[in-house]
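Reviewing the structure listed below.
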Amino acid sequence: MGNARGVKRDFGELEQRRFAAEKLLSRGLSQSEVARKLGVHRQSVSRWAAALKKNGKKALRKAGRAGRLPRISAKQLQQVKAALVQGPQAHGYATALWTIGRVAALIQQTTGVKYHPGHAWRILRSLGWSSQKPVGRALERDEQAIANWKKKQWPAIKKKP
């Protein structure tokens, strides 16, 4: 059946369940009884019993980390975060806007590890950053002239068909 999408498995808890099964099996309970008591499938208990018989208790230990090891360390992530907080202009960019390409280049400059721009967003997400869309307003915008236009000219235009 597996886990629901986004639900992480607790490998420590799974290991404890296997060791609980080992204790129950050593007391002489059948595999079906162990499965019922632990709320697992009978085939899982059968697998655990076979592994226990072949390799002992060490076969029931957790396998360790699942998935590929990270390419950059936690210390390097903090260096990237500090560099991001400084802003793009501190790193020679003309505007104060981080693009994903700029972030990928920054990660490579800071850590020496090259990430494809399409995957650099994962690093940002792990640091707690999210995608932001800047407000699209011109620097030359004259707020007083806009307010005046809205107050005087717009009502005159609006009344006409």
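The values are calculated or read from the model by the stated rules, or taken from the named source; none is laboratory data. This structure is a prediction, so every number in the text was calculated from the model and none was measured. Here the Cβ positions follow ideal geometry from the backbone for every residue, glycine too, while neighbour counts run over all protein chains shown.
A few comments on the model shown:
- Evaluated against (1) among the small types (G, A, S); (2) surrounded by 11 or more Cβ atoms within 10 Å (Cβ to Cβ); (3) not in a helix (DSSP H, G or I), S44 falls short on exactly one condition, (3).
- R65 vs. criteria under 30 Å from A49 (Cα atoms), in a loop (DSSP other than H, G, I, E, B), of a type outside the set (A, V, I, L, M, F, W, C) and not assigned by TED's automatic domain parsing to the domain that holds A20: yes
- In region 62-75, the residues that are in contact with a helix residue (DSSP H, G or I) (Cβ under 6 Å, 6 or more places away or on another chain) and either modelled with pLDDT of 95 or more or charged (D, E, K, R) (or both): K62
- Members of region 86-122 that are of a type in the set (A, V, I, L, M) and either surrounded by fewer than 11 Cβ atoms within 10 Å (Cβ to Cβ) or modelled with pLDDT of 90 or more (or both): A90, A94, A96, I100, V103, A104, A105, L106, I107, V113, A120
- Scan of region 89-114 for residues that are in contact (Cβ under 8 Å) with a residue 24 or more places away in the chain and part of a loop (DSSP other than H, G, I, E, B), ordered by number: L97, V113
- Flag if R141 is of a type in the set (D, E, K, R), closer than 30 Å to G12 by Cα, out of contact with any helix residue (DSSP H, G or I) (no Cβ under 7 Å at 6 or more places or on another chain) and not in a helix (DSSP H, G or I): no
Let's see how each residue does on (1) of a type in the set (S, T, N, Q); (2) in contact (Cβ under 8 Å) with a residue 24 or more places away in the chain; (3) more than 30 Å from H119 (Cβ to Cβ):
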position	(1), (2), (3)
A20	no, no, yes
S26	yes, no, yes
Q31	yes, no, yes
Q43	yes, no, yes
S46	yes, no, yes
I72	no, yes, no
Q78	yes, no, no
A83	no, yes, no
G87	no, no, no
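- Each residue in region 115-136 was checked for being under 20 Å from G87 (Cα atoms), of a type outside the set (S, T, N, Q) and in a loop (DSSP other than H, G, I, E, B), and 8 pass.
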